[in-house]
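In what follows, a single structure is set out as structure tokens and then discussed.
The values are calculated or read from the model by the stated rules, or taken from the named source; none is laboratory data. Remember, it's a predicted structure, so these values are computed and weren't measured experimentally. Every residue, glycine among them, receives a Cβ derived from its backbone with ideal geometry; neighbour counts consider all protein chains shown. For the accessible areas, the whole protein counts, side chains as well, though only heavy atoms, and no ligand, DNA or RNA atoms are used. Shrake-Rupley method; radii C 1.70, N 1.55, O 1.52, S 1.80 Å.
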Amino acid sequence: MTDFVFPPSEVTSLAVAGSDLRFPVHHVYCVGRNYAAHAREMGKDPDREPPFFFSKPADAVVPRGVVPYPPATADLHHEIELVVALGEGGRDIPENRALNHVYGYAVGIDLTRRDLQGEAKKLGRPWDTGKGFEASAPCTPIHPVAETGHPESGRIWLEVGGAQRQDGDLAEMIWTVPEMISLLSGLFLLKPGDLIFTGTPAGVAALQRGDRVSGGVEGLDQIEITIA
Ligand code: MN
């Protein structure tokens, strides 16, 4: 038995829909600006930029429910996203094999301290303070591919207090799921348990304490969170 100097952290996991099994989360990759209209609202030309990636710690993933308003921000934004859950890892995965590595799909919210992210962009600094804080990745249970297939289109939306904020379609993604897996696997050794947050449609905006946020992907699931 290994003697750790203190007990290691518990493995972060998500429920698997329709099952008592849990999906153990290994690493959270996120894709930036993957919907043209959102790229434009962030002041970028969507046609010119190759995809780029950033990360959140695995334990930033939390289930639906009450999410704390994080410290050190006055501009907490919602980003509703399709989440890809990998059941198989690999390196240099070709696009035409990439979907074989997917265990399932979920709906997540990439919570963002936009003020800290904006400052980091301006100064050419990493995005960790804007993106990688505690509970910054609320996520639904994982839906196995056997149940959902591989969603390529369908409405993706988010409401705050019943008022629509984000409304797009998965078909508007600039980089497809196989392209994202293939590109990521050229940069990193992917592992089972990795999640990929695939980017958000236009309409990102600020949340306040007490807001009730609901969103979803047509044919997949819905997520509801309350900002404490
Ligand atoms: Mn995002």
request  = Taking only region 181-228 into account, find how many residues are in a strand (DSSP E or B) and under 27 Å from Asp45 (Cα atoms).
outcome  = 7
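Among the residues of region 1-43, write down those that are of a type in the set (S, T, N, Q) and open to solvent by less than 30 Å² (accessible area, probe 1.4 Å). So that I can check it myself, show each step before the final result.
Within region 1-43, the first condition is being of a type in the set (S, T, N, Q), and the residues that meet it are 2, 9, 12-13, 19, 34.
Within region 1-43, Thr12, Asn34 meet the criteria.
Among the residues of region 149-162, is there at least one that is under 16 Å from the mean Cα position of the chain (by Cα), within 16 Å of the ligand (Cβ to nearest atom) and open to solvent by 30 Å² or more (accessible area, probe 1.4 Å)? Write out each step before concluding.
First, pick out the residues of region 149-162 that are under 16 Å from the mean Cα position of the chain (by Cα): 151, 156-158.
Retained after the next criterion (residues that are within 16 Å of the ligand (Cβ to nearest atom)): 156-158.
Then keep just the ones that are open to solvent by 30 Å² or more (accessible area, probe 1.4 Å); that gives 157.
Yes; the residues of region 149-162 include at least one that is under 16 Å from the mean Cα position of the chain (by Cα), within 16 Å of the ligand (Cβ to nearest atom) and open to solvent by 30 Å² or more (accessible area, probe 1.4 Å).
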task = Count, please, the residues in region 106-136 that happen to be among the aromatic types (Phe, Trp, Tyr) and more than 16 Å from the ligand (Cβ to nearest atom).
result = 0
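Those residues that are in contact (Cβ under 8 Å) with a residue 60 or more places away in the chain, out of contact with any Gly (no Cβ under 7 Å at 6 or more places or on another chain) and either not basic (Lys, Arg) or not in a helix (DSSP H, G or I) (or both), I need them from region 129-139; list them, please.
Matches in region 129-139: Gly132, Phe133, Glu134, Ala135, Ser136.
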message = Given the criteria part of a strand (DSSP E or B), of a type in the set (D, E, K, R) and over 19 Å from Pro24 (Cα atoms), does Arg165 qualify?
response = yes
message = Give all pairs with beta carbons closer than 7 Å in which a residue from region 22-46 that is at pLDDT 95 or above meets a residue that is part of a helix (DSSP H, G or I) and more than 10 Å from the ligand (Cβ to nearest atom); count only pairs at least 6 apart in sequence or on separate chains.
response = Val25/Ala58; His26/Ala58; His27/Ala58; Val28/Ala58; Val28/Ala60; Tyr29/Leu184; Val31/Met180
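Taking region 189-204, which residues are surrounded by 15 or more Cβ atoms within 10 Å (Cβ to Cβ) and away from the ligand (no atom under 13 Å from the Cβ)? Break it down stepwise before answering.
The initial filter retains those residues of region 189-204 that are surrounded by 15 or more Cβ atoms within 10 Å (Cβ to Cβ), namely 190, 192-204.
Selection gives Leu190, Pro192, Gly193, Asp194.
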task = Within region 44-99, track down each residue that is among the small types (Gly, Ala, Ser), open to solvent by less than 30 Å² (accessible area, probe 1.4 Å) and within 16 Å of the ligand (Cβ to nearest atom).
result = Ala60
key: Enumeration of residues in region 122-133 that are surrounded by 14 or more Cβ atoms within 10 Å (Cβ to Cβ) and not hydrophobic (A, V, I, L, M, F, W, C)   = Asp128, Thr129, Gly130, Lys131, Gly132
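Looking at Pro141, is it of a type outside the set (Asp, Glu) and within 16 Å of the ligand (Cβ to nearest atom)? Steps first, answer last, please.
On the way: of a type outside the set (Asp, Glu): yes; within 16 Å of the ligand (Cβ to nearest atom): no.
The answer is no for Pro141.
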